[in-house]
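A short worksheet on the structure shown next.
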Amino acid sequence: MQAYYETETKIPLNHQLKLQLPDSIPAGLAKIAVIYELPDVPENKAAKMAAFLQALPDVAEGAGLSRAAIESHLQHERQDWD
């Protein structure tokens, strides 16, 4: 049979925790899980676009725009906005 114990703490700058369990928890094997909130990261649209363009396959001549052609077009568009 398994039991569950939960406590809340603050992670210090040294990333070390000292955990004191209640006496009601017997000595022996245990699993410890750390559940934490991730900081909100501002969306980086330029990085997303770069990753998208990098993932595009190169296409055969005449079959559509190549990755290089799309990047060139986008670069010209960006210059027009400056």
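The values are calculated or read from the model by the stated rules, or taken from the named source; none is laboratory data. What you are looking at is a predicted structure, and each value in this text was computed from that prediction instead of being measured. Cβ sites come from the backbone with ideal geometry, for glycine too, and all protein chains shown count toward neighbours. The area values use the complete protein model at the heavy-atom level, side chains included, leaving out ligands, DNA and RNA. Shrake-Rupley method; radii C 1.70, N 1.55, O 1.52, S 1.80 Å.
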Subtracting the Cα-Cα distance from 0.36 nm times the residue separation, let me have the gained length for Ala33 to Lys10 in nm, one decimal.
6.8 nm
Sum of -39500 (n - 2.57) over DSSP H runs of 4+, divided by residues of the chain (222 nm, nearest 500)
-10000 deg cm²/dmol
Return the equivalent ellipsoid semi-axes of the chain as a descending list in whole Å, where each equals the square root of 5 times an eigenvalue of the C-alpha gyration tensor.
55, 18, 9
Top positive-direction residue, dipole computed over the chain with Cβ charges, set Pro22, Val41, Pro57
Pro22
Angle, helix 45-55 long axis vs. longest principal axis of the chain, Cα atoms, 0 to 90°, nearest 10?
70 degrees
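Taking R0 as 30 Å, what FRET efficiency do you get between Ser66 and Val41 from their Cβ-Cβ distance, rounded to the nearest 0.05?
Numbers: r = 32 Å, r/R0 = 1.05.
In this case the efficiency is close to 0.40.
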Keeping the other protein chains in place, figure out the carbon and sulfur percent of the accessible area of segment 6-77, with a 1.4 Å probe.
58 percent
Could you provide, to the nearest whole Å², the per residue accessible area of the chain with probe 1.4 Å?
106 Å²
